[in-house]
Structure formats: structure tokens, C-alpha cells
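Worksheet for the structure shown next.
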Amino acid sequence: MPSVLVVEDESAIAELIAVNLRHNGFRPIWAMDSVTAQRDLDAALPDLILLDWMLPGESGLTLAKRWRADPRTQAVPVIMLTARGDEADRVAGLDAGADDYIAKPFSTKELLARIRAVLRRRTPEQAGEPLTVGRLVLDPMTHRASFEDHPLKLGPTEFKLLHYLMGHAERVHSRAQLLDHVWGDHVYIEERTVDVHVKRLREALADAGVMVETVRGAGYRLTATPAPSVVTAGAIKAQ
Ligand code: CA
């Protein structure tokens, strides 16, 4: 269930948004000011942020800029929510790194449509469409994955992990980022757990296991063009 951080100081509006999100398969988290929003983000990354412009303390615009500059939060989609609707403000919001902009008053139907559109654009692994990296294919709808047309047997965590890595292929993800995105709110899980599941994923992928690369000191990456690994070289020498 995609989580949406709703940063909005007016409780009536926040409540209306939260009810609609819940009814449409999202998990809302409400933050009424910038301090709370930052604390929520530090605890776990949401799938999307709805950000009000006019907030007590730091403005939504300042927050959007800061989150875009931070490597940990920069990939989280942001929709700015505001009473300001004129062209200059719209441009300022998008310049600050917002993915979209919706002026109050808005229809909840439109808001939900915008949320879905942004998620589809920013996080293809949530749009439900099959993902392909090299000869690796994963279909979130049927919950099936295959390599060179041979079905893969994956545990639920390995499937989620592969799903995320395929949705963000060729990029390096730290263990903390993978915990945030794949394990969600379970921030108490040790980073070592990620290593255990990556190992299982590689085993399940068999010949495609080399596509999950360890990037020393940085994390993991799924790539369509794996570099020859040290392990493989050693195995060839031993023969
Ligand atoms: Ca406000």
C-alpha cells in the first residue's frame, strides 16, 4: 500500500485528504508542520509527499527545496498543495522540485488522479506494469518473475526487493535506502538483513544473480550489463 505523507496545517483539509487516500488504497501519514514532517521523513520514506505551501514555520517551498537537495529524499515525488494558483507561484513550486502543483480548492477526484499520475511517472514499479531489465522480466500484477523465459521462484521479500531494484535499475541503493523502500516502516530491522535477502535473491536468480552487483561502500545495484565478478573469475581459475 503506497504511503503518502500529508504536510498540511489545516486539520479539516488534512482529514479530508486522509479519508480519501484511505478509501483509495493509500496509507496517509499526517504532519501538521515542517518539524513533524522532517521527523516522519527521517523515520521512513513515504512513496509520495503532499506538501502545503503555507505552513507555520518553514514554508512548503523551503521544504521542497531541501528535500530535493538531500540524496536520501530527492527521489520522493512531491505534489505542492496551495491556495496560490497564479502562474508565478506555479513556476516557483515546480522550480523548487515539485513534481506537480494543485491549487486549493481542489476536487479530491482530481487530487487522486494527480497522485496516481505522479506515482506512475516517478515510480514505475508501483504502476503495476511489467518491468524488464536485460532478459529479466517481472510482472507485479501476476506476481511472477522470469529470466530468459524461465520462471523464477522468489520469496515475498526477494520479490519486493527485485521489484524495487528493477524499477530503479542501474542506480546504486544504500542498505538504508533499501530498508526504507522495501521494508517500509520497519526501521528497527538491521541493515545486515538487507545483505541476507540480497544473497537469497542472487541464489534465486541463479544465472541472473550477477546482475545484482555489490558496490563497495555504497550498496547494491541491479544492472543489465554486469561486470565480470571476482567470484566468477575465481571459479573459472579453480576449474
Ligand atoms: Ca496551510
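The values are calculated or read from the model by the stated rules, or taken from the named source; none is laboratory data. For clarity, every value in this text was computed on a predicted model and none was experimentally measured. Glycine also receives a Cβ, built like all others from the backbone with ideal geometry; neighbour counts cover every protein chain displayed. Only protein heavy atoms, including side chains, enter the accessible area calculation; ligands, DNA and RNA are left aside. Shrake-Rupley method; radii C 1.70, N 1.55, O 1.52, S 1.80 Å.
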**Prompt:** Does ASP52 satisfy the condition of being surrounded by 17 or more Cβ atoms within 10 Å (Cβ to Cβ), at pLDDT below 85 and within 16 Å of the ligand (Cβ to nearest atom)?
**Reply:** no
**Item:** Hits in segment 19-49 - residues which are in contact with a strand residue (DSSP E or B) (Cβ under 6 Å, 6 or more places away or on another chain) and within 15 Å of the ligand (Cβ to nearest atom)
**Value:** TRP30, ALA31, ALA37, ILE49
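Could you check, for segment 109-123, whether at least one of its residues is within 16 Å of the ligand (Cβ to nearest atom) and under 17 Å from the mean Cα position of the chain (by Cα)? Even if it seems obvious, please write down each step before you answer.
Looking only at segment 109-123, we keep the residues that are within 16 Å of the ligand (Cβ to nearest atom), and these are 111.
Now drop any that are not under 17 Å from the mean Cα position of the chain (by Cα), which leaves none.
No, the conditions are met nowhere in segment 109-123.
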**Request:** Could you tell me whether segment 74-82 includes any residue that is within 14 Å of the ligand (Cβ to nearest atom) and open to solvent by 70 Å² or more (accessible area, probe 1.4 Å)?
**Result:** no
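Surrounded by 19 or more Cβ atoms within 10 Å (Cβ to Cβ) and among the small types (Gly, Ala, Ser) - does that describe any residue in segment 84-95?
First, the residues of segment 84-95 that are surrounded by 19 or more Cβ atoms within 10 Å (Cβ to Cβ): 93.
Now restrict to residues that are among the small types (Gly, Ala, Ser): 93.
Looking for residues that are surrounded by 19 or more Cβ atoms within 10 Å (Cβ to Cβ) and among the small types (Gly, Ala, Ser), one finds at least one in segment 84-95, hence yes.
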